[in-house]
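Presented below is the structure to which this report refers.
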Amino acid sequence: MRSVEPQVFLVAQPAIDYDQLAAYLREVGGEQWLERLDRGDLPDGEKASDAQNLAEFAGKMCYRAWEPGLNPNVRRVRNDHEAYLQNILKQQHGSVLEHASFTFVLHNVSRVLTHEVVRHRPGTAVSQESLRFVRLDEIPFWFPDWAREDPELMKRATGLLDQMEEFQRWMAQHFGLDEEGVPFHEKKEKTSFMRRFAPDGVATGIVWTANIRTLRHTIEARTDPGAEEEIRLVFGKIAEIMRAEAPALFADYEVRDGAWVPQWRKV
Ligand SMILES: Cc1cc2nc3c(=O)[nH]c(=O)nc-3n(C[C@H](O)[C@H](O)[C@H](O)COP(=O)(O)OP(=O)(O)OC[C@H]3O[C@@H](n4cnc5c(N)ncnc54)[C@H](O)[C@@H]3O)c2cc1C
């Protein structure tokens, strides 16, 4: 039994092609907006948030609000980037947040967690480690701190997991899976049978992509005090990452005992 910790890796996020954006804005007479918009390095060495810029771009596109006069109905436009995004949240104009997607690897997470994550459907994409293809030769497992502090529980739990691991290895040998010439379909069939003897808590991995609208909703739901302990931990990490990557779109959250509570819900 190998003791593991759930980890979150942000592996992909939006990258704007500012030259293409500029070319489009020249077409519609909105270059002034791009001049105001930060399109590269900020003075303090930080990078501008392409996710935030993309959301503002999509929002301004809706009303042709690059500058006053382009749409005769619009006399004033909001020039402050952060205030503009706050207003998007306040007005629940959340569809513009769907353009920015972030891809995470949730590593060393249990099947308890992955079963719950995949219940969130709109705005997500999922690729999960296949335990039909990937043979378990060990049972990696996460124990919360309170469990680690209980010696009798740990003794019994690790004993059980060691026994399950041993059974996995016994089955692989019994079925002759490592012998020469075993066809892959047979390996797959047996591996799928064998995974039935792994616990829900076995640590595995999932690639999870979600757009910002979905991230806002799932962070709230999955850090709620009523949510499961491991998923609260993982979504707390995702929330911290998102607040760093797109601060203006996550600034309205108040964190209370690990629960991320937004000012504007279900935008
Ligand atoms: C604390 C907690 C406990 C839970 N306990 C259980 C449980 O005991 N049993 C169980 O089965 N599940 C349980 N769940 C899962 C829960 O029921 C939802 O399936 C899951 O949280 C997905 O969230 P969502 O329904 O908001 O949908 P998402 O897929 O995240 O969708 C986001 C929003 O889009 C809208 N939407 C999505 N799909 C539709 C649709 N088809 N029609 C109309 N509107 C839609 C809804 O407004 C929805 O809230 C639990 C979740 C939490 C957070």
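The values are calculated or read from the model by the stated rules, or taken from the named source; none is laboratory data. Here the structure is a predicted model, which is why all the values come from computation and not from measurement. Note: ideal-geometry Cβ built from the backbone for every residue, glycine included; neighbour counts use all protein chains shown. Heavy atoms of the whole protein, side chains included, go into the accessibility calculation; ligands, DNA and RNA do not. Shrake-Rupley method; radii C 1.70, N 1.55, O 1.52, S 1.80 Å.
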* Does the range 121-132 contain any residue that is more than 21 Å from the chain's Cα centre (by Cα) and over 24 Å from I212 (Cα atoms)? -> yes
* Return yes or no: is L233 within 16 Å of the ligand (Cβ to nearest atom), within 24 Å of R111 (Cα to Cα), open to solvent by 50 Å² or more (accessible area, probe 1.4 Å) and among the aliphatic types (A, V, I, L, M)? => yes
* Say whether the condition of being open to solvent by 50 Å² or more (accessible area, probe 1.4 Å) and touching a residue at least 40 places away in the same chain (Cβ under 8 Å) is met by at least one residue in the range 63-72. => no
* Which ones in the range 220-230 are within 11 Å of the ligand (Cβ to nearest atom) and in contact with a strand residue (DSSP E or B) (Cβ under 7 Å, 6 or more places away or on another chain)? -> E220, T223, D224, P225
* To do: Of all residues in the range 196-219, count the ones that are more than 10 Å from the chain's Cα centre (by Cα) and within 10 Å of the ligand (Cβ to nearest atom).
  => 2
* To do: Could you tell me whether T114 is more than 30 Å from E189 (Cβ to Cβ) and modelled with pLDDT of 95 or more?
  => no
* Structure fact -> Among R243, R196, R265, the single one that is over 30 Å from F133 (Cβ atoms), without any contact (Cβ under 8 Å) to a residue 12 or more places away in the chain, out of contact with any strand residue (DSSP E or B) (no Cβ under 6 Å at 6 or more places or on another chain) and open to solvent by 20 Å² or more (accessible area, probe 1.4 Å) is R243
* To do: Can you work out which of the residues in the range 231-257 that are of a type outside the set (F, W, Y) and touching a Ser or Thr at 6+ places or on another chain (Cβ under 6 Å) is nearest to Q13 (Cα to Cα)?
  => A246
* Structure fact -> Of those in the range 12-30 that are surrounded by 17 or more Cβ atoms within 10 Å (Cβ to Cβ) and in contact with a helix residue (DSSP H, G or I) (Cβ under 6 Å, 6 or more places away or on another chain), the residue modelled with the highest pLDDT is P14
* Mind listing just one residue for me: the one in the range 118-141 that is within 16 Å of the ligand (Cβ to nearest atom) and of a type in the set (V, I, T) and, of those, surrounded by the most Cβ atoms within 10 Å (Cβ to Cβ)? => T124
* Right, A58: open to solvent by less than 30 Å² (accessible area, probe 1.4 Å), more than 30 Å from the chain's Cα centre (by Cα) and of a type in the set (G, A, S) or not? -> no
* Structure fact -> Of the residues in the range 103-117 that are part of a helix (DSSP H, G or I) and either in contact with a His (Cβ under 6 Å, 6 or more places away or on another chain) or more than 17 Å from L131 (Cα to Cα) (or both), the one that is nearest to the ligand (Cβ to nearest atom) is E116
* Which of the residues spanning the range 228-246 are farther than 18 Å from G205 by Cα and either under 13 Å from the mean Cα position of the chain (by Cα) or assigned to a loop (DSSP other than H, G, I, E, B) (or both)? -> A239, E240, I241, M242, R243, E245, A246
* Asked: Cβ-Cβ below 6 Å, separation at least six or inter-chain, first residue in the range 147-165 and farther than 24 Å from D137 by Cβ, second open to solvent by less than 40 Å² (accessible area, probe 1.4 Å): which pairs?
  -> L153/A147
